[in-house]
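**Student:** My questions all concern the structure below.
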Amino acid sequence: MAVSHRFGGPWTERKLEALRDYLVQYQLIFKRNPKARKLQTIYVDAFAGTGERDAGERTAGPGLFGYDEEIRGYQEGSVRKALSIDDKFDRYIFIESKPKHAAALKKLIAGEFSKLSDRCTIEEEDANAWLQRWCRTQDWRGQRAVVFLDPYGMNVDWATIEAIARTKAIDLWVLFPFAIGANRMMPKDAPPDSLWAKRLTAIFGTEEWKSRFYAESRKRDLFADDQGSIVKIAGMAEVLEFFLERLLSVFAKIVERPLILENSKHTPMYALCFAAGNPAGAPTAVKIASHLTKS
Ligand SMILES: C[S@@+](CC[C@H](N)C(=O)[O-])C[C@H]1O[C@@H](n2cnc3c(N)ncnc32)[C@H](O)[C@@H]1O
């Protein structure tokens, strides 16, 4: 029996379509260009899942990192989409920390993609740790990669994004839960508690978010004493803008208007962001990704 992996909704399909179409275009460029043809291409799916998703039934409502709109039936996940494109990558690396999901991936590859099994590696590990080590230890002169970071919530560390950018050889797709994650972790009338503050710093890679999103507000109470309190001065748009600024600070070029994924009530949830690391390839990469993420 297939391992059931329930997540997402119609917006997930839109996200995966953009990714799949990008992988197709990427491989076309690398096959057509005589210089680029000499480079090995690698697709890395961190937070890989099982290869497919059980789109499930309608749920009662969204949790903090939840999903509130679903349709029934199994649909292709990112791994299946990536393995199904015609012009194959030279290598595929799937990172999945949950043993059951990693086992389902192994089964999927052995069963339906056995011809590609020599090119595929499954890493049953934490994606942040694995990617940081991999980016640091590879020789990037002879290879280029596309990395897809597709977590449920706020699991991607800035150190990972920075390590990816430093290679100058990777194009990055990252799903950032700016509305249902980062923005909600910041209460309106007081700064987040220390645990969430630590997570936000790990995600943005700086403590600058504190001064960007919070400021002191002074109110006079009944006895005319000044009461100071720290309140939120930003909304979800500013949260996303800050993340994009952070991406641009380490990558050659980014898609300036990422694809905003909304639930059925048109409430924004995630932004599908794209950043290109190789200075020579970045203008073309961003042109393609911008086209694919147009709302
Ligand atoms: C949203 S799902 C990925 C869906 C997948 N991209 C797809 O389209 O089918 C996130 C996956 O990441 C895995 N995961 C969660 N935390 C992880 C971590 N720190 N490192 C690696 N995988 C992780 C979960 O077990 C889950 O399978």
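**Student:** In nm, what is the difference between 0.36 nm times the number of residues separating S217 and I230 and their Cα-Cα distance?
**Tutor:** 4.1 nm
**Student:** With a sphere of radius 9 Å drawn around the Cβ of F94, what net charge do the other residues whose Cβ falls strictly inside it have (Lys, Arg +1; Asp, Glu -1)?
**Tutor:** Result for the neighbourhood of F94: -3.
**Student:** Let me ask you something else. Kindly write out, for segment 81-91 in residue order, the coupling ³J(HN,Hα) from the Karplus curve 6.51 cos²θ - 1.76 cosθ + 1.60 (θ = phi - 60°), rounded to whole Hz, with x marking Gly and Pro.
**Tutor:** 4, 5, 6, 8, 5, 5, 7, 6, 6, 6, 9
**Student:** List the residues, sorted by chain then number, that are 5 or more residues from C120 or on another chain and whose placed amide H is less than 5 Å from its amide H.
**Tutor:** Amide H to amide H, under 5 Å and 5 or more residues apart or across chains, C120 pairs with Y92.
**Student:** Residues with amide H under 5 Å of I95's amide H, sequence separation 5 or more or different chain, H placed in the peptide plane at 1.01 Å from N; which?
**Tutor:** Correct list: D45, A46, F47, A48, E123.
**Student:** Taking R0 as 35 Å, what's the FRET efficiency between V24 and E207 from their Cβ-Cβ distance, rounded to 0.05?
**Tutor:** Calculated transfer efficiency: 0.30.
**Student:** Further question: Students often forget the sequence filter, so: which lysines lie under 22 Å Cα-Cα from K115 once same-chain residues fewer than 8 apart are removed?
**Tutor:** K31, K81, K88, K106, K107
**Student:** Tell me the angle of helix 194-204 to the major Cα principal axis of the chain, expressed in degrees between 0 and 90 and rounded to the nearest ten.
**Tutor:** 50 degrees
**Student:** When the dipole is taken about the Cα centre of segment 111-182, and only Lys, Arg (+1) and Asp, Glu (-1) are charged at their Cβ, what size is it in debye, to the nearest 20?
**Tutor:** That gives segment 111-182 a dipole magnitude of about 420 debye.
**Student:** Which is the longest part of the chain that has none of the trypsin sites (Lys or Arg not before Pro) sitting in a DSSP loop with at most 14 other Cβ atoms within 10 Å?
**Tutor:** Excluding the exposed sites themselves, the longest stretch runs over 73-187.
**Student:** Which chymotrypsin sites (Phe, Trp or Tyr not before Pro) in segment 206-295 sit in a loop by DSSP (not H, G, I, E or B) and have at most 16 other Cβ atoms within 10 Å of their own Cβ?
**Tutor:** Filter output for segment 206-295: F223.
**Student:** Still on this structure, please answer the following. Given the rule -39500 (n - 2.57) for each run of at least 4 DSSP H residues, summed and divided by the residues of the chain, what is its mean residue ellipticity at 222 nm, to the nearest 500 deg cm²/dmol?
**Tutor:** -11000 deg cm²/dmol
**Student:** Still on this structure: Over the chain, what is the percentage of antiparallel beta bridges among all DSSP beta bridges, to the nearest 5?
**Tutor:** So the antiparallel bridges amount to about 50 percent of the total.
**Student:** Scan around S217 for amide H atoms under 5 Å from its own, H built in the peptide plane at 1.01 Å from N, and keep only partners 5 or more places away or cross-chain.
**Tutor:** Excluding prolines and chain starts, which carry no amide H, the hits are S229, I230, V231.
**Student:** Still on this structure: More than 36 Å apart: what percent of Cα pairs in the chain qualify?
**Tutor:** Tail of the P(r) past 36 Å holds 18 percent of the pairs.
**Student:** If you don't mind, there's one more thing I want to ask. What is the angle, in °, between the Cα long axis of helix 127-137 and the longest principal axis of the Cα atoms in the chain? Nearest 10 is fine, range 0 to 90.
**Tutor:** 60 degrees
**Student:** At a Förster distance of 35 Å, what's the computed FRET efficiency of S194 paired with K35, Cβ-Cβ distance as r, to 0.05?
**Tutor:** In this case the efficiency is close to 0.10.
A short reminder: the numbers here are calculations on the coordinates, not readings from a lab. What you see is a predicted model; the values in this text were computed from it and never measured. Reconstructed Cβ throughout: ideal geometry from the backbone, glycine too, with neighbour counts over all protein chains shown.
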